[in-house]
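Taken together, the values in this text are just the output of simple stated rules run on the coordinates, not laboratory data. Small disclaimer: the values here were computed from a predicted structure and weren't measured. Neighbour counts run over all protein chains shown; Cβ positions are idealised from the backbone, glycine included.
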Amino acid sequence: MVMANLAQGEPIVGYGLTARLFHWLTAILVLVQIPLGILVTNFDLGALYNLHKSNGVLILVVVICRLLWRMTHQPPPLSSDIPAIQRLAAHSVHWALYALLIIQPIVGWIATSAYPAPLPFFGLFEMPPIWWADRALSERLFVVHLGIGIVMAGLLAAHIGAALFHHFVRKDEVLDRMIRG
């Protein structure tokens with residue numbers, strides 16, 4: 001979809017429906033996952049822990065599908081009035097988030113397998129273990145998992161902050177491209 005960029009007079013191309021659905025589904029899953037991770041780390045909440053694990057598997061599947069889509073469908077270009085440093089920051093944050101959204105659930109899966117503990121998928125079935133039992137490794141990987149979660153939360157804050165900056169301060173179409181297409 002093409003929108004007019006009133007400030008520059010150039011057309012702004014929005015994201016297609018599939019890209020927007022992948023984006024917002026990922027956003028919802030991750031924004032649920034972070035508080036779940038905080039809760040299960042600090043409290044003994046078995047049912048929520050299983051939800052956190054199931055949601056992690058779902059995030060992995062959705063993000064892999066999203067990346068496959070992204071690699072075969074070029075995203076719309078940013079407006080030419082966005083400074084080069086902001087373009088670099090946007091691309092860096094996006095690719096860092098993609099990488100962490102793949103790495104994070106895999107580290108969690110390996111850590112859970114090494115614990116060893118079951119990895120249920122919403123009570124439908126259990127994911128197979130992908131590592132042998134090694135409690136010491138598991139404990140170290142859960143620390144890594146926590147660290148990745150903290151880094152990811154920071155990158156998400158930057159991503160959301162940048163979108164809001166573009167919408168409310170610059171008053172450009174960056175956020176609208178992902179909302180309306």
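For the range 113-155, which chymotrypsin sites (Phe, Trp or Tyr not before Pro) are in a loop by DSSP, counting at most 16 other Cβ atoms within 10 Å? Those satisfying the criteria are Phe122, Trp131, Trp132. Amide H contacts of Val13: Met3, each under 5 Å away and 5 or more positions distant or on a separate chain (H built 1.01 Å from N in the peptide plane; Pro and chain starts excluded). Given Ala27, Cys65, Leu101, which one lies farthest toward the positive end of the charge dipole of the range 2-179, if we put +1 on the Cβ of every Lys and Arg and -1 on the Cβ of every Asp and Glu? Highest projection toward the positive end goes to Cys65. Amide H contacts of Met127: Leu119, Phe121, each under 5 Å away and 5 or more positions distant or on a separate chain (H built 1.01 Å from N in the peptide plane; Pro and chain starts excluded). Between the range 121-149 and the range 80-98, the C-alpha centres lie 32 angstrom from each other. Set against the labelled values [x] 50, 37, 29; [y] 60, 26, 24; [z] 60, 48, 27, Cα extents along the principal axes in Å computed from this structure falls on [y]. Each Lys and Arg Cβ is given +1 and each Asp and Glu Cβ -1; about its Cα centre, the range 2-179 then shows a dipole of about 100 debye.
Could you work out the local net charge near Tyr15, counting Lys and Arg as +1, Asp and Glu as -1, over the other residues with Cβ closer than 13 Å to its Cβ? Combined, the nearby Lys, Arg, Asp and Glu give +3.
Using the rule -39500 (n - 2.57) for each DSSP H run of four or more residues, divided by the residues of the chain, the 222 nm mean residue ellipticity is -23500 deg cm²/dmol.
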